[in-house]
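In what follows, a structure is listed as structure tokens, so that the remarks can point back to it.
The values are calculated or read from the model by the stated rules, or taken from the named source; none is laboratory data. Source: prediction; values computed, not measured. Cβ placement follows ideal geometry from the backbone for every residue including glycine, while neighbour counts extend to all protein chains displayed.
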Amino acid sequence: MDNVLEVVDSGLCTGCGTCAGVCPLQIVRMKIQDGVFSPELDSAKCDRCGLCVRCCPGYTVDFKKLNESVFGKQVEDASIGNYLGCYVGHSTDRKIRGISPSGGVVTQLLAFGFDYGLFDAALVVRMRKDSPLHTEAFVARNKEDLFSASKSKYCPTSVNEALSFLRKEKGRFALVGLPCQIHGLRKAEQELDDVKSKIVLCIGLFCSHSVGFDGTEFLAEKLRVRPDQIREIIYRAPDSPGHMRLRLVDESNITLPMVGSWHAYMPIFSSFLFTPKRCAMCPDMTSELADISVGDAWFPEFNKAKLGESILIARTWKGQEILNQARRAGTLLLLPADDERVKRSQLVPLTFKKADLKTRLEMIKSQGAPTPVFIGARCKRERSIASYVRNLYVLSNMRISKNHAFRRVLLRVPLPFHRLGYGVYMFLCRINRGEIE
């Protein structure tokens, strides 16, 4: 491959932005196309150096090589990767926890790093002020910047495009990213010494799959709201488990529960509607190559809590030490969490990412579509009717939501039906429990 346009043409681009972040000529730009971020470049200006392709996580990831580089060993736990310890906890800062739907630990860790001089800035993502349904990567240098990047974003992000900035600047940086973005970062570290030396902390977020910008636009249309009427969107307002809040230009507000109601919106997103096809080909749910991984603590004892809690997985000694420092400083309240409980709490996404992946890739290949090359990825292959039905549900929903005619039909489907459909999928995952343990 000469450049990333061939990855895009193959349908394997993750939209992570790594190519834009590492291009020596800085001719790669991330644009929004078909609801996702996609690179564009002037081929006439490209010198075919191949760096963008070598750093791209879309068409191949050598997990064997990267695990040796990051951890000095191969994967020991097929479900959640290498780790030193699992924890559950939250920020002790009332302001930080008050603006966060699930513990506020990422914002707190970055704020702690600033306060104690562990790094100078952080590569993070926020919603754009001039286009409130879209995201932008930026470099946060203080707590106020961090607050603008807090809260969940259930739409595409492209944080690695900010790598181009840190390569020109002096200092030490932290990066917060999704699994595919962490894959791109680790590949870039193999190629570029300045990236490897400047990124001193990598915080990875749990991710089952992304939802395109067209998913949010669909939801707004279902609420009979035009995109140009929206001033601000908050996917999870700071109450556990959270509500979506749309603030309109006329200062009125529309809210929808996230989960736990027949009129919740998350079953639409969880059902793989408006999900980029490349998300169905990813073997990593818990950001296995990060220093610290963070996700929601869906433990039964927290179901009725007013404030959320987070799962934290310390993977490297560097990540473990930062957690220890933050706990000793009193900024994080952390309790040990049994790794099996962590895996059970993430049963549905782990089934999607691990138990069903190989069968799903075979189904995609049978349709004549290319799939990525993964070396050393630890995934089981379940041959069962339940796995086939689950994968059929995933791939069918991804396909119909990209069809404009079917999309008009989906607009007429009441929210309770989406919850019912996803409930069946969850049931089929739960009968698969042994496959991820």
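Yes/no per residue for (1) of a type in the set (K, R); (2) modelled with pLDDT of 95 or more; (3) surrounded by fewer than 21 Cβ atoms within 10 Å (Cβ to Cβ); (4) within 27 Å of M398 (Cβ to Cβ):
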residue: C19; (1), (2), (3), (4): no, yes, no, yes
residue: M30; (1), (2), (3), (4): no, yes, no, yes
residue: K45; (1), (2), (3), (4): yes, no, yes, no
residue: L51; (1), (2), (3), (4): no, yes, yes, no
residue: F63; (1), (2), (3), (4): no, yes, no, yes
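In this structure, L420 qualifies as more than 30 Å from C56 (Cα to Cα) and part of a helix (DSSP H, G or I). M363 falls short on exactly one of the conditions (1) in contact with a helix residue (DSSP H, G or I) (Cβ under 9 Å, 6 or more places away or on another chain); (2) loosely packed, with under 13 Cβ neighbours inside 10 Å; (3) in a helix (DSSP H, G or I), and that condition is (2).
When you look at V139, is it within 27 Å of R247 (Cβ to Cβ), surrounded by fewer than 18 Cβ atoms within 10 Å (Cβ to Cβ) and either among the aliphatic types (A, V, I, L, M) or touching a Lys or Arg at 6+ places or on another chain (Cβ under 7 Å) (or both), yes or no? Reasoning before the result, please.
Details: within 27 Å of R247 (Cβ to Cβ): yes; surrounded by fewer than 18 Cβ atoms within 10 Å (Cβ to Cβ): yes; either among the aliphatic types (A, V, I, L, M) or touching a Lys or Arg at 6+ places or on another chain (Cβ under 7 Å) (or both): yes.
Yes: the conditions hold for V139.
Taking the stretch 104-129 as the range and being on the phi > 0 side of the Ramachandran plot and touching a residue at least 12 places away in the same chain (Cβ under 8 Å) as the test, only G104 passes.
The set of residues from the stretch 191-230 being surrounded by fewer than 17 Cβ atoms within 10 Å (Cβ to Cβ), out of contact with any strand residue (DSSP E or B) (no Cβ under 8 Å at 6 or more places or on another chain) and closer than 23 Å to I254 by Cβ comprises E221, R224, R226, P227, D228. Whenever a residue of the stretch 270-293 is at negative phi and outside any loop (DSSP other than H, G, I, E, B), its partners that are of a type in the set (S, T, Y) and surrounded by fewer than 24 Cβ atoms within 10 Å (Cβ to Cβ), lying with C-beta atoms within less than 7 angstrom and at least six residues away or across chains, give the pairs S270/Y422; M281/T371. In the stretch 382-391, the residue that is surrounded by the most Cβ atoms within 10 Å (Cβ to Cβ) out of those that are touching a residue at least 24 places away in the same chain (Cβ under 8 Å) and not small (G, A, S) is R390. Here I375 fulfils each of the conditions (1) surrounded by 12 or more Cβ atoms within 10 Å (Cβ to Cβ); (2) in contact with a Phe, Trp or Tyr (Cβ under 7 Å, 6 or more places away or on another chain) apart from (1).
Among the residues of the stretch 93-114, just one is of a type outside the set (A, V, I, L, M, F, W, C), modelled with pLDDT of 95 or more and either over 27 Å from F302 (Cα atoms) or surrounded by fewer than 19 Cβ atoms within 10 Å (Cβ to Cβ) (or both), namely G113. Taking the stretch 393-412 only, how many residues are closer than 21 Å to L357 by Cβ and free of Cβ contacts under 8 Å to residues at least 24 places away in the same chain? The qualifying residues number 2.
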